[in-house]
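Q: Before anything else, here's the structure in question.
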Amino acid sequence: GNYIIRARLYYFALNCGLKPLTVIHPKSHVSKYARLGQGTVVLAGAIIQTNAIIGDNVIVNTASSIDHDNLILHHACINPQATLAGGVLVGYYATIHTNATITPYRRVGDNSIVGAGAVVLNDVPPNRVYVGVPAKELKKNPEKPGKSLVGKLFNRKYHSIIFDKEYEGEVLYDEDPPI
């Protein structure tokens, strides 16, 4: 469902002293050289390859494919049959919808959405919705997680994986800077 509600529940559970489980379906394949954060769910048929790093509270849905050297940041959602080629970065709170394809070494910005069946040939900026073949901007993403949720992204108290400053991306809750 809604990534903002999912993130709030994740932080609520942590503040109650609970530790979210990482759940991996037995019919998925996760390389022994991949790293998965707490609260991440990997569903049936999903494939996660060598050197992929999947952050905390991420959904890797049915039959999705995450190739080598991908970075999937906290609270992202990879929907069924999405395909991410090697070296892709998926930002915080980003969603890749069903059957979308992300070509090698692309960045999908924080809080962005890639629509079902889209083919991403270029980087997707933060806070955008991209659709089509090839993927083009449809609109700005009207939903943003807010200051309190963004502030927790880089707090070691809340995360088993801390991405270094290079991957912090944009500030999600502010408007776009003037050009």
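The values are calculated or read from the model by the stated rules, or taken from the named source; none is laboratory data. What you are looking at is a predicted structure, and each value in this text was computed from that prediction instead of being measured. Positions of Cβ are backbone-derived with ideal geometry, glycine not excepted, and every protein chain shown enters the neighbour counts. To get the accessible areas, we keep the full protein, side chains included, count just its heavy atoms, and leave off ligands, DNA and RNA. Shrake-Rupley method; radii C 1.70, N 1.55, O 1.52, S 1.80 Å.
Q: Can you name the residue in segment 25-37 that is crowded, with 18+ Cβ neighbours inside 10 Å and under 16 Å from the mean Cα position of the chain (by Cα) and is also farthest from HIS74 (Cα to Cα) among such residues?
A: ALA34
Q: Which ones in segment 1-24 are surrounded by fewer than 10 Cβ atoms within 10 Å (Cβ to Cβ), in a loop (DSSP other than H, G, I, E, B) and hydrophobic (A, V, I, L, M, F, W, C)?
A: Scanning segment 1-24 gives a single hit, CYS16.
Q: Identify, please: which residue in segment 90-108 is modelled with pLDDT of 95 or more and farther than 18 Å from THR62 by Cα and is, among those, most open to solvent (accessible area, probe 1.4 Å)?
A: Selected residue: TYR105.
Q: Still on this model: Would it be correct to say that ASN79 is touching a helix residue (DSSP H, G or I) at 6+ places or on another chain (Cβ under 6 Å), at pLDDT 95 or above and of a type outside the set (Val, Ile, Thr)? Walk me through how you get there before you give the answer.
A: Values: touching a helix residue (DSSP H, G or I) at 6+ places or on another chain (Cβ under 6 Å): no; at pLDDT 95 or above: yes; of a type outside the set (Val, Ile, Thr): yes.
No.
Q: Let me ask you something else. Which residues, taken from segment 38-49, are open to solvent by 20 Å² or more (accessible area, probe 1.4 Å) and either at pLDDT below 95 or closer than 18 Å to PHE163 by Cβ (or both)?
A: Answer for segment 38-49, where residues must be open to solvent by 20 Å² or more (accessible area, probe 1.4 Å) and either at pLDDT below 95 or closer than 18 Å to PHE163 by Cβ (or both): just GLN38.
Q: Under 9 Å between Cβ atoms, at least 6 apart or on separate chains: pull out the pairs that start in segment 51-62 with a residue that is more than 11 Å from CYS77 (Cα to Cα) and end on any residue that is surrounded by fewer than 24 Cβ atoms within 10 Å (Cβ to Cβ) and of a type in the set (Lys, Arg).
A: From residues that are more than 11 Å from CYS77 (Cα to Cα), the pairs are ASN51/ARG35; ALA52/ARG35; ILE53/ARG35.
Q: Quick test of your reading of the structure: TYR130 fulfils all but one of (1) surrounded by 19 or more Cβ atoms within 10 Å (Cβ to Cβ); (2) aromatic (Phe, Trp, Tyr); (3) not in a strand (DSSP E or B). Name the failing condition by number.
A: (3)
Q: Sticking with this one: Report the residue count in segment 111-127 for those that are crowded, with 24+ Cβ neighbours inside 10 Å and under 14 Å from the mean Cα position of the chain (by Cα).
A: Count: 6.
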